[in-house]
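Visitor: After the structure tokens below, expect a handful of questions from me.
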Amino acid sequence: MQRRAAELTLSKGYTHYIIADSDSETGTEVIGHTPAMSRTVMRREGSWRSGQSTVYTQTYDYGGPITEKRQRTSLIVVMYTPYDAPPQAIDARQVIAYSR
């Protein structure tokens, strides 16, 4: 998160930043269902002219859910120029340099 905050700070023309607030949540999200198909064959004897008939029935049904784990993090980043940065501000260039 620090690297991303540093990248955004530099891309906006600032050099320093402070992470003022953050929020994170983890959970699962249903992204689809597995398809399932059932086919039933019924044979009937002694019907109509041929004496035998076959009936095919296809039924499509939804299978189980497909889930994916999700993690979302949001940050409030306050950005500064070198002239107005408070002493506790993080130098974005140093974060980039040390995170390689």
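The values are calculated or read from the model by the stated rules, or taken from the named source; none is laboratory data. On a predicted model such as this, the values are computed, not experimentally measured, just so you know. In this analysis, Cβ positions are derived from the backbone assuming ideal geometry, glycine residues included, and neighbour counts consider all displayed protein chains.
Visitor: Assuming S47 fulfils every condition listed in (1) modelled with pLDDT of 70 or more; (2) assigned to a loop (DSSP other than H, G, I, E, B) apart from one, which condition is it?
Guide: Failing condition for S47: (1).
Visitor: Which residue out of I31, I19 is surrounded by 10 or more Cβ atoms within 10 Å (Cβ to Cβ) and at pLDDT 90 or above? So that I can check it myself, show each step before the final result.
Guide: Numbers: I31 fails: at pLDDT 90 or above.
Among I31, I19, only I19 is surrounded by 10 or more Cβ atoms within 10 Å (Cβ to Cβ) and at pLDDT 90 or above.
Visitor: Return the pairs, sorted by first residue and then second, in which the second residue is in a helix (DSSP H, G or I) and of a type in the set (G, A, S), the first residue lies in segment 77-95 and is under 13 Å from G13 (Cβ atoms), the beta carbons are less than 6 Å apart, and the residues are 6+ apart or on different chains.
Guide: Hits for this filter: A92/A6.
Visitor: Related question: Being part of a strand (DSSP E or B) and closer than 11 Å to A92 by Cα is the filter here; which residues of segment 10-27 pass it? Break it down stepwise before answering.
Guide: So in segment 10-27, the residues part of a strand (DSSP E or B) come out as 16-27.
Within segment 10-27, H16, Y17, I18 qualify.
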